[in-house]
Amino acid sequence: MSILEVSQVNKNFGGLAALHNVNFSVDEGSIHSLIGPNGAGKSTLLNVLVGLLKPDGGSVEFDGKSLLGKTPHDINQLGVARVFQTPQVFPDLTLLENIAISGYADRDGGFKFNLFETADTAKPVINNAKRVLEEVGLIEQQKAEARHLSRGDKRRLELGICLAHEPRLLLLDEPTAGMARHETETTIDLLRNISAKTKMTMVIVEHDMSVVFALSETISVLAQGRIIAEGKPEDVKGDPKVKEAYLGEEQE
Amino acid sequence: MSSSDIKAAYDPSASGRRVGSDFKRKDLTTLAVFALITFTMPLWFPLIGGYSGLDTKILIWAIFAVGFDLLLGYTGYLSFGHAAFFGISAYITGLMLLHVSDNIIPAMIASLIVTLIMALIIGLLTLKRTGIYFSILTLAFGEMFHSLAVSTLQDWTGGDNGLTGVPTPMLFGLKMQNLTMFYFVAVLAIIMFYIARRIGRSPFGLMMKAIKSNQTRLEYTGINVLRYKLSAFVISAIYAGLAGSLMVIYEPYVASEFLSWQESGRVVIMTVMGGVGTLVGPMFGAFFMLYFENVVSVLLQEQWLLVLGLMFMAIVIFLPGGFADGAKRLWNRVSRQGDN
Amino acid sequence: MNQIFLQVLTGLQLGAIFVLIALGLTLIFGTLGVVNFAHGALFMLGAYIAVILAGKLGFVTAILVVPLALFAIGLLMERGLVKHFYDRPHTDQILVTFGLAIVVQEALKWYFGANNIPFAEPAWGTGQTIFYGTGVTVPDPIPGLRIYMPFIEGFVFYPKWRLILILVSMSTVAGLFVLLQFTRFGLVVRAGMRDSEMLRFLGINISKRFAVVFGLGSAIAGIAGVFGGPVTQVDPAVGMSMLVPSFLVVVIGGMGSLPGAVLASIMIGMAMAFSVNVAWLSQIVVYLVAVAVLLIRPRGLLGQKGLME
Ligand SMILES: Nc1ncnc2c1ncn2[C@@H]1O[C@H](COP(=O)(O)OP(=O)(O)OP(=O)(O)O)[C@@H](O)[C@H]1O
Ligand SMILES: [Mg+2]
């Protein structure tokens, strides 16, 4: 059963075809990696999925519903969350508040005006936020402001923000970039655990092949805006077209 | 991370947040202190050179400033056109008192409704893009209403001379003057302060702070950012509108300057000098500015605004947290010395 | 026809001042990302310095000195104040320049008083220009420069100084475009307007050049001060009253777009000129144009997509 169905999506920037007739389908509950050389269009594809960019053509369906024309927050409320390539957190707020925001978004939807509750003490939301912080390993710093975190920690916090919303599809744009080796391994374990426990579907964009091969059930290879290969990790590894795409880049 | 690292990472000056059940009591204590200071103002204010009536005016501006802080301090949007709401509401109040009834209730209600509608329209036109854009456009809209009042609509507004001949405002047979007016405003100021505090600490307030911190993340966390921004803008406009309406009840005359950029600038200066995002700070800022303008200015004569401008710049440059931050730093230093 | 012709000239003349102020605003915003609320104050300083110099040393001296003086003031302002705000939130930049605008305004008021200082154009710039149509002879005793315009019926007068203002403004715009288009400095500035991150990344020292950009922007405001001063007022309120329409020019044109600023100032000038006889409209037409443009094209006439969104 596929939960995400992208078909014939095109996106041009001026003359550049960043995405060209891209077909991409993700099975529910699976971990699906999207790889490709720099500038291949991976982030662009994620941008189309979350409503940041409007494709020039094609369709994007999540759980049978079209995502095209929907606002980013509506798409998120449908259950699609994203970790950005450059970590996006709320630097001026505490870690607990960072996560609580997502908790409120989950509980109250896109908008709610309510004066009679105190943000810091609303029990279920705060407790859940603490649980999530525990999960991503940041609970000890819960009262620190996010600005003080290292890049790797920010990324984990952002992951936590996404998780607090319990998304059905989690898009991760280079989740381990800027992390030390042991942090990367913790993150791999974390993602694997979440996937095993919640059956959350994940799409991971990654340059670090050790992460890709450790996690993915399926890999799609994007090069110059086209999907050039797709399949199980072993198959993709041996595919000559994939080698060419990467080597071609190195020769430049 | 060791526990000392964590302490270092936790910036105490930015705290003020409390988790726990002592919150309600603390909230009420603050309110009680604020109420006490406010209600006793007619007693202590003359002692420091204030004249009667100025206290009422200070509280009116404090309402304006605390509402402005909800927008600037929480969402980070800097409006240079809040005089529009202050002034429009003032004109509606004046016109209602003049042409409909000298009872203030219908006048105030009508003013607030018009303010709300105006805020929705202006907000939709200005809030979709970045904060810079917003600052410029609100300034322009403010000036538009000023121009409207002094030219296009001058048959209604009295043009440059302002709206005169407004009868003494009444509240069901009670003349809204002197102490009656003062206590009326004081009660409203306390209520509005309390509401602002509630907003600030509610999940709604958290979303507003998140807007200031990172709008992109917020939008991709499932929050309808525009609606929050618009609501915050409308709420702060209502505060401005209430202040404008009260100003006309306090002094039954509408000056066309109520709509000018200087008026918008005043509330900006008060809020920033008092301490953005602290709610109490801007109210103190209002007190400081009006006290400065009316009492201290005797020493400085015409140059008080120049001195104020220099002080304002100095605060923006060296103490962006305003008086509130300065007081906090001072307090920290004093209490640290006490520990030793 | 004659009426329309005169209104077009008036529109151009109004636009001529707006564009000189707006160019600096949009240049500084495009490269440095700073919205300078004190830009109107810079224009006002230009006008004040001009009026004093013109009285003491003659108008030509003023024309030569004021842009240079404003260049220096701009440089000073950037190095001494604005520079320290690049890393601070935009609101702080706006607040500090707003504070500076107030300080300049109040200082001028203190020193020169609140009233308008009369600023006469120089002898060589006074008098009228006479536009005349086909087959018309302007009677000899009427003094003034004569210009033939085929579509004029009879002849019409237009103040010579305002014509000069239009020409100066047009030359300044042309000069700026040449500077940006054909010099290395211009190349860097244009690149900076597109993507200043990238320049920093490439290790090109933009910081010093940006100081020059700031100086350039305020020098252009100085030109507006000397040539525009005799047409507008010279009083402490003029800075803010010119800032607002100039901001609108920048927004209508598209923030950071120089051609957009030129286009928008002509548009606003024309709108003001052609509505001058409609009392209810003339004072607010600028805002109505701005609202209309924003509704139809939120990023401004020539605004780049993505920028400021
Ligand atoms: N907003 C934009 N405007 C113009 N061009 C863009 C835009 N976004 C991306 N591009 C271009 O589209 C192409 C694909 O970019 P994209 O960011 O999707 O690549 P990527 O696969 O994520 O690369 P990386 O691995 O470096 O993150 C690149 O050539 C990029 O320069
Ligand atoms: Mg990418």
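The values are calculated or read from the model by the stated rules, or taken from the named source; none is laboratory data. These figures come from a predicted structure and were not determined experimentally. Here Cβ is always computed from backbone atoms with ideal geometry, including for glycine, and neighbour counts include all displayed protein chains. Side chains included, ligands, DNA and RNA excluded: accessible areas come from the protein's heavy atoms. Shrake-Rupley method; radii C 1.70, N 1.55, O 1.52, S 1.80 Å.
I'd like to verify a number: residues in the range A:47-57 that are touching a residue at least 40 places away in the same chain (Cβ under 8 Å) and within 8 Å of ligand 1 (Cβ to nearest atom), how many?
1
If you scan the range A:31-61, which residues turn out to be at positive phi, more than 9 Å from ligand 2 (Cβ to nearest atom) and outside any strand (DSSP E or B)?
A:36, A:51 - these are the residues of the range A:31-61 that are at positive phi, more than 9 Å from ligand 2 (Cβ to nearest atom) and outside any strand (DSSP E or B).
What's the number of the condition residue B:172 fails, among (1) open to solvent by less than 10 Å² (accessible area, probe 1.4 Å); (2) on the phi > 0 side of the Ramachandran plot?
All conditions pass for residue B:172, except number (1).
Take the residues in the range C:253-282 that are in a helix (DSSP H, G or I) and within 10 Å of chain B (Cβ to nearest Cβ); name whichever of them is modelled with the lowest pLDDT.
Within the range C:253-282, the match that is modelled with the lowest pLDDT is C:279.
Of the residues B:311, B:289, which is open to solvent by less than 20 Å² (accessible area, probe 1.4 Å), part of a helix (DSSP H, G or I) and of a type outside the set (D, E, K, R)?
Of the residues listed, the single one that is open to solvent by less than 20 Å² (accessible area, probe 1.4 Å), part of a helix (DSSP H, G or I) and of a type outside the set (D, E, K, R) is B:289.
So which residues in the range A:1-30 are within 12 Å of ligand 1 (Cβ to nearest atom), part of a strand (DSSP E or B) and open to solvent by 30 Å² or more (accessible area, probe 1.4 Å)?
If the condition is that a residue be within 12 Å of ligand 1 (Cβ to nearest atom), part of a strand (DSSP E or B) and open to solvent by 30 Å² or more (accessible area, probe 1.4 Å), then A:12, A:13, A:16, A:17, A:20 are the ones that fit.
Which residues, counting only those in the range C:106-121, are touching a residue at least 12 places away in the same chain (Cβ under 8 Å), within 10 Å of chain B (Cβ to nearest Cβ) and open to solvent by 20 Å² or more (accessible area, probe 1.4 Å)?
Residues satisfying the conditions are C:109, C:114.
As an exercise: evaluate residue C:88 against (1) farther than 24 Å from residue C:227 by Cα; (2) open to solvent by 10 Å² or more (accessible area, probe 1.4 Å); (3) in a helix (DSSP H, G or I) and give the number of the one condition it does not meet.
Every listed condition holds for residue C:88 apart from (3).
For residue A:71, are the conditions met, namely being within 14 Å of ligand 1 (Cβ to nearest atom) and either out of contact with any Pro (no Cβ under 7 Å at 6 or more places or on another chain) or at positive phi (or both)?
No; evaluated as a whole, the condition is false for this residue.
Confirm whether residue C:64 is under 21 Å from the mean Cα position of the chain (by Cα) and in contact (Cβ under 8 Å) with a residue 60 or more places away in the chain.
no
When you check residue A:69 against the structure, is it away from every other protein chain (no Cβ under 14 Å), away from ligand 2 (no atom under 16 Å from the Cβ) and farther than 19 Å from residue A:168 by Cβ, yes or no?
yes
Go through the range A:150-174 and give me each residue that's among the aliphatic types (A, V, I, L, M) and open to solvent by 20 Å² or more (accessible area, probe 1.4 Å).
The answer is none; no residue qualifies.
Kindly provide the set of residues from the range A:81-124 that are within 16 Å of ligand 1 (Cβ to nearest atom), more than 7 Å from chain B (Cβ to nearest Cβ) and in contact (Cβ under 8 Å) with a residue 40 or more places away in the chain, ordered by number.
Selection gives A:83, A:84, A:85, A:87.
Just one of the numbered conditions (1) within 15 Å of the chain's Cα centre (by Cα); (2) over 14 Å from residue A:172 (Cα atoms) is not true of residue A:49; which one?
(2)
May I ask you to list the residues in the range B:184-217 that are open to solvent by less than 10 Å² (accessible area, probe 1.4 Å), within 12 Å of chain A (Cβ to nearest Cβ) and among the hydrophobic types (A, V, I, L, M, F, W, C)?
Listed by number, the residues that qualify are B:196, B:199, B:204, B:206, B:207, B:208, B:210, B:211.
Of everything in the range A:1-30, what is more than 16 Å from ligand 2 (Cβ to nearest atom) and either of a type in the set (D, E, K, R) or under 17 Å from residue A:204 (Cβ atoms) (or both)? Give them in sequence order.
Of everything in the range A:1-30, those that are more than 16 Å from ligand 2 (Cβ to nearest atom) and either of a type in the set (D, E, K, R) or under 17 Å from residue A:204 (Cβ atoms) (or both) turn out to be A:2, A:3, A:4, A:5, A:6, A:25, A:26, A:27, A:28, A:29, A:30.
Just checking, does the range C:179-190 include any residue being modelled with pLDDT of 90 or more and surrounded by 13 or more Cβ atoms within 10 Å (Cβ to Cβ)?
yes
Given A:192, A:181, which one is surrounded by fewer than 16 Cβ atoms within 10 Å (Cβ to Cβ), more than 16 Å from ligand 2 (Cβ to nearest atom), farther than 21 Å from residue A:4 by Cβ and more than 14 Å from chain B (Cβ to nearest Cβ)?
Of A:192, A:181, the one residue that is surrounded by fewer than 16 Cβ atoms within 10 Å (Cβ to Cβ), more than 16 Å from ligand 2 (Cβ to nearest atom), farther than 21 Å from residue A:4 by Cβ and more than 14 Å from chain B (Cβ to nearest Cβ) is A:181.
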